Amino acid sequence: MEILVTAHGGAHKTFRNSKRFFAHIADWNVDVIEVDIWKCGKRLYLSHLPGPPFLRLPLRYAFRFIKEHDFKINCDVKQKGLVKHVLDLAKAEGVVDRIIFTGSVSEKDIPRLTEGEVYLNKSFFGINAPKVSDVKTMAEKIMKFGCPQIKGINLKYTFLTEEFLDECEKYGLVVSAFVVDEDAEVERLLQRRIIVNITSNYPELILERLERNTKK
């Protein structure tokens, strides 16, 4: 499986969810861009924290951007219950095949996951600091749902010790890692076949290690 390279929202200090970020990242040879999503009324908008939606970019802007520039999009949902709304908009914009969910996905969202891909955060499992002994529980819970859209887990790289990743390999639990900005950590994680995505503010660290062009 080819590893995905995700540009964290605001990569290269361009400010999260901003037009500056989109304009900058358009020329980079990443696979995925990450955005943060909230909802107010009927409006889905981009923001790391809740705020006046009329001051924020609409999610539709991001969907049209990825369609134009041929990216996937990591939809980091910041509120529960957004999955169906995001998928409905993605279908309307013709990008549903490019959707990856992370963030506040809950068990109630699982029946609504008819399309897209999901990597579950630790909050889904009610775990504050994932450790090796939690891997079996996470893997079994994912298997219980039998949902093909759930691909694995999404964790901060600091939890991904060698022992933790060994256990993930034991149970076939694939891992998306964030936010990895240190070259040594990138190199370490790229050695593990269980890692399927790395999110970074400096995606060139990953692209260079993969011997891919940094720019399109």
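A few points about this structure:
- Tally of residues being in contact with a helix residue (DSSP H, G or I) (Cβ under 9 Å, 6 or more places away or on another chain) and open to solvent by less than 20 Å² (accessible area, probe 1.4 Å) across the range 92-105: 5
- Which numbered condition Val30 misses (of (1) assigned to a helix (DSSP H, G or I); (2) of a type in the set (A, V, I, L, M, F, W, C); (3) crowded, with 17+ Cβ neighbours inside 10 Å): (1)
- In the range 1-15, the residues that are in a strand (DSSP E or B) reach residues that are basic (Lys, Arg) with C-beta atoms within less than 9 angstrom, at least six apart or across chains, in these pairs: Leu4/Lys72; Val5/Arg212; Thr6/Lys72.
- Criterion (modelled with pLDDT under 95 and either surrounded by fewer than 17 Cβ atoms within 10 Å (Cβ to Cβ) or within 14 Å of the chain's Cα centre (by Cα) (or both)) met by exactly one of Lys19, Lys42, Lys84: Lys42
- Flag if Asp109 is crowded, with 17+ Cβ neighbours inside 10 Å, touching a Gly at 6+ places or on another chain (Cβ under 8 Å) and closer than 30 Å to Arg193 by Cβ: yes
- Candidate set from the range 60-81 (those that are part of a helix (DSSP H, G or I) and closer than 21 Å to Lys13 by Cα); member that is most open to solvent (accessible area, probe 1.4 Å): Tyr61
- Residue list for the range 175-193, filter: open to solvent by 10 Å² or more (accessible area, probe 1.4 Å) and more than 13 Å from the chain's Cα centre (by Cα): Asp181, Glu182, Asp183, Ala184, Glu185, Glu187, Arg188, Leu190, Gln191, Arg192, Arg193
- If only residues of the range 181-216 that are touching a residue at least 24 places away in the same chain (Cβ under 8 Å) and of a type in the set (Val, Ile, Thr) are counted, the one that is farthest from Asp166 (Cα to Cα) is Thr214.
- Residue check for Val35: within 19 Å of Ile198 (Cβ to Cβ), open to solvent by less than 60 Å² (accessible area, probe 1.4 Å) and in a loop (DSSP other than H, G, I, E, B): no
- Close pairs from the range 88-100: first basic (Lys, Arg), partner open to solvent by less than 70 Å² (accessible area, probe 1.4 Å) and outside any loop (DSSP other than H, G, I, E, B), Cβ under 6 Å, at least 6 apart: Arg98/Ile66; Arg98/Lys72; Arg98/Ile73
- Filter result (over 20 Å from Thr102 (Cα atoms), among the charged types (D, E, K, R) and outside any helix (DSSP H, G or I)) within the range 164-216: Glu182, Arg192, Arg193, Glu211, Arg212, Lys215, Lys216
- Considering residues of the range 113-133 that are surrounded by 18 or more Cβ atoms within 10 Å (Cβ to Cβ) and not small (Gly, Ala, Ser) only, the residue nearest to Lys80 (Cα to Cα): Phe124
The values are calculated or read from the model by the stated rules, or taken from the named source; none is laboratory data. Just so you know, these numbers come straight off a predicted model, no measurement behind them. Cβ sites come from the backbone with ideal geometry, for glycine too, and all protein chains shown count toward neighbours. Accessible surface areas use protein heavy atoms only, side chains included; no ligands, DNA or RNA. Shrake-Rupley method; radii C 1.70, N 1.55, O 1.52, S 1.80 Å.
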